[in-house]
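Colleague: One structure coming up, written as structure tokens, with questions to follow.
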Amino acid sequence: AQMLHSRPSYRTADLARLMYDEVLTADEVLRRWKGEVEAEEENIEDSEDEDFFKKAKHDEDAISEDRSIPQYDYDQLAVKWSVDDNIEQLRQRFTTANLGGGDDD
Amino acid sequence: MSAPKPEFLKFTGHQSFTQRLVLSTLTGRPIHISKIRPNSPTNPGLAPHEVSFLRLLEAVTNGSSMQISYTGTTITYHPGLITGAAPGFGAIDDTIEHHLPATCTRGVTYFLLPLCLLAPFSKSHMNVRFEGPGVITSATETGDLSVDSFRTAILPLYNLFGIPAARIELRVLQRSCAGPHGSGGAGIVELRFASQVLLPKTLHLNRSPGRIKRIRGVAYATGVSASNNARMIHSAREILNPIISDIHIAAQYDQAPLVPDTAEKSGSKKRMGIGFGLSLVAESSAIGVLFSADVVVPPKGGILPEDVGKRCAYQLLECINSGGCVAGASAGTVLTLMAMGSEDVGRLRLGRNVVGTEEVIGLARDLKKFGASSWGLRDADDDDTGDIIVSVKGTGVGNVGRKIA
């Protein structure tokens, strides 16, 4: 979480501004928010190409259905949650955490 | 409502299909959705589950009308009154029966989630029984929750809005996993939603999300050996036990539903929708903070129960790790109820990665289109979790003003 804070993009205020910008799709909003799209100039140049590739893109859209559960790469998750640091960090969110302030203990 | 010809709100795409229809029904604004899978070479237009949902809407409302274009890529929807299972409107023994076709690839929670959003605003009790060859009660590969997660992680949230969850009942009469190729199931599920309210309260869930104090779960095996349950539970516990000790996972073993075999000679029957899966729900010490995870074996098989258990545990950890008071799967329900509830500003603490999903942003945009106010976003600054506090102002869509069409 601290890493997120240090990055200049990914700010809450930015999202509030971008969220209702109807020109962008939700996907674009997110990419811009997370700082994956840096400058707008590139987009203008690419727009012709994008039109050209639109068909393939739409086919991808057709696959993206509404999901309640996001798709995970479980191998990656297994790696992530076998690292002790990650587990220790998550432990703070459990009542078993040794902070002297467990609500139920 | 007073204008003779209200403007159609225009949407494009097949995303958030149920959400838009629900908002349309709640606010009484007609909508027009175009470009529903226009470029799909194999399945253009509405998918079977979407058509099924439209039929369901038609059954629980009175006076709604919809036109679907010839290709199914465009639809106009004129919402009617939400009547629920009112006698004389197609309800048999105060229950509406809804039949899902065998081509349905979505779990029954795909229908339950939006239906439960409509139910508090209904005129009479919302009793719907889902049956037919398309009812999948397990989680699905297409990303639906299982009925167990729905009952234990979504329905309790209605309590927070002054909608007593004690009067909402979800009866699973026949369990079923997804059939071959992921479509069809033949389960039976009955929703009895008797908590109709005048106006749902808004919600202030902006305090600390508390700490996870226990994990509950259901392991289900339908039509396969019950030992799968034990294996899933064992491997999930392997991961979760070092973190928390209060874990109870129930094992549910059922026979697979017996359905007439259409391919064979008349009279023969076959088992349908076999499989197994695991649903885990983590409860926090703060009221109403629930995280859920669901993993099911794919219909073609090939995954060990141990892996299902592990994956489910990992998914649960990931879900808890995303933070906030409401997980991604239930964020839509909570935010919609807040926006439709009393005209108060409610605050909800959400994890940064929960807000930053296309679904939540899409919901914010859709709500605004339907006349709700914009959300306010700010950082939760009382700790370093990086959560975002979303302020949602209700629009006061109550049950009172809804008696006139």
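The values are calculated or read from the model by the stated rules, or taken from the named source; none is laboratory data. Quick caveat: nothing in here was measured; it's all calculated off a predicted structure. All Cβ positions, glycine included, derive from the backbone under ideal geometry; neighbour counts span all protein chains shown. Protein only, heavy atoms only, side chains kept; ligands, DNA and RNA dropped before computing areas. Shrake-Rupley method; radii C 1.70, N 1.55, O 1.52, S 1.80 Å.
Colleague: List the number of the failed condition for B:Leu113; all other conditions in (1) closer than 26 Å to B:Leu199 by Cβ; (2) part of a loop (DSSP other than H, G, I, E, B) hold.
Modeller: Of everything listed in (1) closer than 26 Å to B:Leu199 by Cβ; (2) part of a loop (DSSP other than H, G, I, E, B), B:Leu113 misses just condition (2).
Colleague: Where residues in the range A:75-98 are over 15 Å from B:Asn321 (Cβ atoms) and within 9 Å of chain B (Cβ to nearest Cβ), which of them is modelled with the highest pLDDT?
Modeller: A:Thr95
Colleague: Which count do you get for residues in the range B:99-126 that are more than 14 Å from chain A (Cβ to nearest Cβ), closer than 13 Å to B:Val189 by Cβ and open to solvent by 10 Å² or more (accessible area, probe 1.4 Å)?
Modeller: Qualifying residue count, the range B:99-126: 1.
Colleague: Further question on the same structure: So which of B:Gly346, B:Gly356, B:Gly351 is within 14 Å of chain A (Cβ to nearest Cβ) and closer than 20 Å to B:Asp366 by Cα?
Modeller: Matching residue, one of B:Gly346, B:Gly356, B:Gly351: B:Gly356.
Colleague: Please give the number of the condition B:Cys325 fails out of (1) under 25 Å from A:Arg32 (Cβ atoms); (2) crowded, with 24+ Cβ neighbours inside 10 Å; (3) within 23 Å of the chain's Cα centre (by Cα).
Modeller: The single condition B:Cys325 does not satisfy is (1).
Colleague: In the range B:179-193, how many residues are open to solvent by 20 Å² or more (accessible area, probe 1.4 Å) and in a loop (DSSP other than H, G, I, E, B)?
Modeller: Qualifying residue count for the region: 1.
Colleague: Another question, then. I'd like the full set of residues that are within 24 Å of B:Arg211 (Cβ to Cβ) and among the acidic types (Asp, Glu), limited to the range B:347-394.
Modeller: Once the filter is applied, which keeps residues that are within 24 Å of B:Arg211 (Cβ to Cβ) and among the acidic types (Asp, Glu), the range B:347-394 yields B:Asp379, B:Asp381, B:Asp382, B:Asp383, B:Asp384, B:Asp387.
Colleague: While we're on this one: Can you say whether B:Leu304 is within 30 Å of B:Val390 (Cα to Cα), within 14 Å of chain A (Cβ to nearest Cβ) and either buried (at least 24 other Cβ atoms within 10 Å of the Cβ) or out of contact with any His (no Cβ under 8 Å at 6 or more places or on another chain) (or both), as far as the supplied structure shows?
Modeller: Judged against the criteria, B:Leu304 is not a match.
Colleague: I need the full set of residues from the range B:211-223 which are open to solvent by 20 Å² or more (accessible area, probe 1.4 Å) and either in a loop (DSSP other than H, G, I, E, B) or under 17 Å from B:Thr109 (Cα atoms) (or both), in order please.
Modeller: B:Arg211, B:Val218, B:Gly223
Colleague: Are there any pairs, at least 6 apart or on different chains, whose C-beta atoms fall under 9 Å, with the first in the range B:231-253 and at the interface with chain A (Cβ under 10 Å from one of its Cβ atoms) and the second open to solvent by 60 Å² or more (accessible area, probe 1.4 Å) and in a helix (DSSP H, G or I), and if so, which?
Modeller: Going by the 9 Å Cβ cut-off, the qualifying pairs are B:Ile239/B:Lys310.
Colleague: In addition: Which of the residues belonging to the range B:1-13 are assigned to a loop (DSSP other than H, G, I, E, B) and either modelled with pLDDT of 90 or more or open to solvent by 30 Å² or more (accessible area, probe 1.4 Å) (or both)?
Modeller: Passing the criteria: B:Met1, B:Ser2, B:Ala3, B:Pro4, B:Lys5, B:Pro6, B:Glu7, B:Phe8.
Colleague: Looking at (1) within 7 Å of chain A (Cβ to nearest Cβ); (2) in a strand (DSSP E or B), which is the one condition that is false for B:Ser374?
Modeller: Only one criterion is unmet by B:Ser374, namely (2).
Colleague: Under 8 Å between Cβ atoms, which residue pairs at least 6 apart in sequence (or on different chains) link something in the range B:211-227 that is within 14 Å of chain A (Cβ to nearest Cβ) with a partner that is surrounded by fewer than 19 Cβ atoms within 10 Å (Cβ to Cβ) and assigned to a strand (DSSP E or B)?
Modeller: B:Arg214/B:Ile247; B:Arg214/B:His248; B:Ile215/B:Ile247; B:Ile215/B:His248
Colleague: Now, a different point. Restricting attention to the range B:131-145, which residues are more than 10 Å from chain A (Cβ to nearest Cβ) and open to solvent by less than 10 Å² (accessible area, probe 1.4 Å)?
Modeller: B:Gly134, B:Val135, B:Ile136, B:Thr137, B:Ser138
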